[in-house]
Each structure stands twice: as structure tokens, then as C-alpha cells.
Amino acid sequence: MHIITSAITALKTENAEYLVDILSLHFAIKTKEDLSKILPDILQKLEEMKAQIGQYCKGIPRENQFAKIRDKFPSEEGSALALVVGALDSKYRRLFLTNDLLKLSVPSIATTVIHELSHHFLRTKDYWYNNYAMYERQKPKSNYFEIHDRVTFAEMSYVNEPDGKNKAIWSKLRARSAEDEFLRSLCIEDGIGNEQKNKIIMTNADSIVAIIMSLSHKQIMKDEDARRV
Ligand SMILES: [Zn+2]
């Protein structure tokens, strides 16, 4: 909750140059005008999440609780550490965490929970995953969220080049657009523009996590400095 509140504070109080700097790590934006096109959307999504997470914090209704289970969840692509159970329109939307998740570092737990809550409240999809742990290992002392964001954004930029080095994301998105209503509505088969890229990023769970983490990073540092004085 604190992380999301910090991200919202940053969106509301930081100057436009700073926000362009941070958000251009994720979105196809370069100028303040570009920023003004996406800012209301991001703010609305984060405010919505913040309002709804209150349900988890207060502990009601019971259907929206956290539950801990012992083992990993096996899935087609590997094993999940946490998941949201329940159809989006059902009243049961419990968030299940595994013991394996709780053994990880605090940022890993926080990002996993935000990831799952974004599925829950913003109906995000898993178009691709960002591997934070890998970057944490490579550059342990850096702000690895930002490093990873740069990589993700760079990868998105190759979507227009089916023969470029990022065939993976391009072909994945194309393949999914056959059964994914949202992707189909963007008509990405014939190429992809900045507006479409931004919309996809705002709908990918791990991208929402990365946006929240890089926005909240400075704000959290600021709060901690203020506490130390
Ligand atoms: Zn997911």
C-alpha cells in the first residue's frame, strides 16, 4: 500500500521533466505533451488499485483475503509463487501466496503481490514477465527496477522489426492477438504504433509493477531521508 501511495504522490507532485524521465523508461514518450496523453490513465489506474486494496487491508469481505499455502503452483510455463483465484466477475477473489514466495526478499514479495493485485483490480494480463531477480543478481547495488525497465522498453521498441533481435515479444503478442480481445482491438498484426505500445504496457501486469516501483523509488527515499532528519 505504501509503495502505491508513494507512486501516486510522485505522479501528483513531481515536475513534468522528472516524470517524462521516469515514464519514458516504460512508455513511448519523449515530451511533456506525450506525458499528458498517458498521465490521466496511469493516475486513474493507480488510484483505483489504492482504493480497492483497502478491502484487503481491512480484512473484509472475507472472499478477498490472502491465503497461504505450502507448495508451488505448477503451471504450463513453470511454477507460480502467487496467484489470484476466481473469475473476475465472481465474488471469490482470494489471493494465494506460497511459502516459497515468503522466503524471498521484501521487494520480491511486494512486487509479486502488486503483480497479482493488478490482475485482480486492473484486469491486467501476462503478455510477458520481467525477470527482476536476474537483474538483481547481475547488478546487486543498482536500482534494478530501472535497469530492467530500460531493457523492457528497448525490447518493446523492436516490436516493429519482426526480423530484429526481439522476435520473441513480437511473435508472442501476434500469436495472442488471435484469442485476446484487447490485443485484437488494437490491430497490432500490421505493425505497432506508440499509442498501441503504451496501451499494451499499461495492460501488462509486470509493467504496472515496474511503473509503480520506479515512481515510488524516489518518493520512498525522500520519506526515509525526512524521517532520518
Ligand atoms: Zn500474472
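Exposure proxy for 104, 97, 11: other Cβ atoms within 10 Å of each Cβ, ordered fewest to most, give 104, 97, 11. Residue order for 26, 2, fewest other beta carbons within 10 angstrom first, comes to 2, 26. Gain on full extension, evaluated as 0.36 nm per residue between residue 226 and residue 185 minus their Cα-Cα distance, stands at 10.1 nm. With the simple model of a label 7 Å out from the Cα in the direction of the Cβ, residue 5 to residue 99 spans 3.3 nm.
Each value in this text was obtained by applying a stated rule to the coordinates, not by laboratory testing. If you're wondering where the values come from, they're calculated on a predicted model, not measured in any experiment. Cβ coordinates were reconstructed from backbone atoms using ideal geometry, including for glycine residues, and neighbour counts include every protein chain displayed.
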